[in-house]
Amino acid sequence: MLEQFKGVIFDLDGVLVFTDHFHFLAWKKLADEEGIYFDEKINDRLRGVSRMDSLDIILERAKKTYSACEKAKMAERKNEFYKTYLARMTPEDVQKETRETLLELKKRGYKLAIGSSSKNTKFILNQVDLTSMFEAISDGTNITKSKPDPEVFLKAAALILEKPENCCIMEDASAGIEAGLRGGFKTIAIGPAIHDERADFKVQKFQDILAFLPALHR
Ligand code: BG6
Ligand code: MG
């Protein structure tokens, strides 16, 4: 039992919402337009990784070299495609079990925070009406280093006034599991991250985390 925990820090894309698929579709459109091979397997390497680092991974298969200015424009183009998907999101895009689990964790006394590499985090949370669920949001707009660097989680923990050892993080990306471990957090893996041997706990379904997080006695 993880009774010592006071805070739970969630990754966003691929954990709370399935925007990871929208990221794939937007990168795929950009890659197709540029004539660069890209598939779901390569896409798994982009999970948790910043926009510019993701682009660098995609460009590993490019036949030409792109200037910094061209790369900035491509990343912007991808984000414009991606935002067309985000604009259509509604509260229905959050699974009922996910919303109920977050509410239950709050009832049990946990402080909840977001630790996401995405610069679109606040927009997404508003679209799906999840903003009020979290006491703190640490995202791509307040970090200098992307996962697997622990910065985004360390900032989230600081915002909820808890030490890393008193928090666990939940991730669908190996880069995020590594970030959590490097920051001194316990890690819960879901989705593709369950294949990462380093994760402390693995769950098939979001609501399974309730088994690890009993009510806190304050
Ligand atoms: C992470 C995603 O949450 O955010 C990555 O897993 C993405 O795939 C990164 O590249 C940055 O997102 P954004 O929205 O700032 O382009
Ligand atoms: Mg993710």
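Quick one: which residue in F81, F134 is more than 16 Å from ligand 2 (Cβ to nearest atom) and at pLDDT 95 or above? Don't jump to the end; show me each part of the working.
Details: F134 fails: more than 16 Å from ligand 2 (Cβ to nearest atom).
Going through F81, F134 in turn, just one is more than 16 Å from ligand 2 (Cβ to nearest atom) and at pLDDT 95 or above: F81.
Could you tell me whether region 199-207 includes any residue that is away from ligand 2 (no atom under 16 Å from the Cβ), in contact with a Lys or Arg (Cβ under 9 Å, 6 or more places away or on another chain) and of a type outside the set (V, I, T)? So far as region 199-207 goes, yes, one or more of its residues are away from ligand 2 (no atom under 16 Å from the Cβ), in contact with a Lys or Arg (Cβ under 9 Å, 6 or more places away or on another chain) and of a type outside the set (V, I, T).
To keep it simple, each residue is scored yes or no on (1) in contact with a Ser or Thr (Cβ under 8 Å, 6 or more places away or on another chain); (2) within 15 Å of G48 (Cα to Cα).
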site: L105; (1), (2): no, no
site: S116; (1), (2): yes, yes
site: I124; (1), (2): yes, no
site: V128; (1), (2): yes, no
site: T144; (1), (2): no, yes
site: V152; (1), (2): yes, yes
site: A158; (1), (2): no, no
site: D172; (1), (2): no, yes
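What pairs come out if I take residues in region 48-62 that are more than 17 Å from I143 (Cβ to Cβ) and pair them with residues that are more than 9 Å from ligand 1 (Cβ to nearest atom) and open to solvent by 70 Å² or more (accessible area, probe 1.4 Å) whose C-beta lies under 7 Å away, six or more apart or interchain? Hits for this filter: I57/R45; R61/Y37. Looking only at residues in region 26-63 that are among the hydroxyl-bearing types (S, T, Y) and open to solvent by 20 Å² or more (accessible area, probe 1.4 Å), the one that is nearest to D11 (Cα to Cα) is S50. Checking each residue in region 114-131 for being in a helix (DSSP H, G or I) and either open to solvent by 10 Å² or more (accessible area, probe 1.4 Å) or more than 16 Å from ligand 2 (Cβ to nearest atom) (or both) picks out K122, F123, N126, Q127, T131. Residues of region 84-100 that are touching a Phe, Trp or Tyr at 6+ places or on another chain (Cβ under 9 Å) and either open to solvent by less than 60 Å² (accessible area, probe 1.4 Å) or within 16 Å of ligand 2 (Cβ to nearest atom) (or both): Y85, L86, M89, D93, Q95, T98.
Condition check: part of a strand (DSSP E or B) and either out of contact with any Pro (no Cβ under 7 Å at 6 or more places or on another chain) or modelled with pLDDT under 95 (or both). Does I177 satisfy that? Steps first, please.
On the way: part of a strand (DSSP E or B): no; either out of contact with any Pro (no Cβ under 7 Å at 6 or more places or on another chain) or modelled with pLDDT under 95 (or both): yes.
So I177 does not fit the description; no.
Those residues that are out of contact with any Pro (no Cβ under 9 Å at 6 or more places or on another chain), assigned to a helix (DSSP H, G or I) and farther than 23 Å from D208 by Cβ, I need them from region 144-174; list them, please. Across region 144-174, the qualifying residues are E151, V152, K155, A158, L159. The condition of being modelled with pLDDT of 95 or more and more than 16 Å from ligand 1 (Cβ to nearest atom) holds for only one of L102, L59, L86, that being L102.
The values are calculated or read from the model by the stated rules, or taken from the named source; none is laboratory data. Small disclaimer: the values here were computed from a predicted structure and weren't measured. So basically every Cβ, Gly included, is an ideal-geometry build from the backbone, and we count neighbours across all protein chains shown. Ligands, DNA and RNA are stripped out before the accessible areas are found, and what is left, the full protein with its side chains, is counted by its heavy atoms. Shrake-Rupley method; radii C 1.70, N 1.55, O 1.52, S 1.80 Å.
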